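To keep things clear, I will list the structure first and then write my remarks on it.
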Amino acid sequence: MKYEDVLAWWKKEKTDTKEDIYTVLDNFKILFAYHSGKIENETITLHDTREIFENGSVINYTGDLRTLFEIKNQKDCFEFLVEKIVKKEKITLDFIRELHLQLMKGCYDETRYKKGERPGEWKKHDYVTGDGVGAPPEEVESELSELLEEINEADGGDVLTIAAYLHLRFEEVHPFADGNGRVGRTLLNYYLMTHGYPPLVLYSEDKKTYYLALSVYDKTGEISGFKEFLKEQMVKTWEKKKKVPVNLNMFL
């Protein structure tokens, strides 16, 4: 299957109502939550993710409670986004803060809390990222406002290019004390879906390539490599959906 085949297939899928979204993303939402979480938290398992999405809890769990909060937050965030996807609501600063709150509530550690950091609020201090510290706290809101203006002005252009730039630039700004990756990956898919494109899973086993693409952008401003990576991940995501019925047990 090629990238163009995925786009053609998606355009035939019904995505006009909340029920349509629940149907077409039935298995996707679990795989996305699992892989997006596992990129930063190795203790997340597909079994636990599936249990929380399908049953609301995990029986006999003995791991770190933050891991369960992270998974439950992914489920809550999906529920939060469904209607917004149908309405194709624009991304705003308030939307980004609410998205962060949905994904990170109950997940900030004591150190960040003592520094005054809170889920749903811009960072108040600098934090080391892959190639720097992101935008200074006092510049976060202005830089994100500029990014959203660029995205809105580019509306009508190549959707994947705009989505790729949105993700790369968001991660470069790094507006929160924690959870930037989760928010950025969700924003990427939200933009794709509200512009008629299928969402994708950024697979945790491919995170080295993912991080390399982020680093290349940080150093050069080049997005073509990341765009090609997104095409590969999109094909990988929906090739499994279309050609091989996914047996979740195979990942346990």
Once the other residues with Cβ under 9 Å from the Cβ of residue 58 are scored (Lys, Arg +1; Asp, Glu -1), what is the net sum?
-> -2
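Can you work out D for the range 59-151 in µm² s⁻¹ from Stokes-Einstein, where Rh is the Kirkwood radius over C-alpha pairs, the temperature is 25 °C and the viscosity is 0.890 mPa s?
Calculated translational D: 161 µm²/s.
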Computed on Cα atoms, the radius of gyration and Dmax of the chain in angstrom are 17.5, 51
Quick one: length gained pulling residue 66 to residue 161 fully straight, 0.36 nm per residue minus the C-alpha distance?
-> 30.8 nm
Expected 222 nm ellipticity per residue - DSSP helices of 4 or more, -39500 (n - 2.57), all of the chain, to 500 = -20000 deg cm²/dmol
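Going by how many other beta carbons lie within 10 Å of each one, how would you line up 129, 62, fewest first?
62, 129
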Please identify the chymotrypsin sites (Phe, Trp or Tyr not before Pro) of the range 1-72 that satisfy two criteria: DSSP loop assignment and at most 15 other Cβ atoms within 10 Å. Which are they?
-> 61
Using the alpha-carbon centroid of each, what span in Å lies between the range 130-182 and the range 3-43?
-> 22 Å
Ranked by Cβ crowding within 10 angstrom, fewest neighbours first, how are 192, 101, 93 ordered?
-> 93, 101, 192
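Each reported figure results from applying straightforward, stated rules to the coordinates on display, with no laboratory input. Note that the structure is a prediction, hence the values are computed from the model and not measured. With ideal geometry, Cβ positions are generated from the backbone for all residues, glycine too; neighbour counts draw on all protein chains shown.
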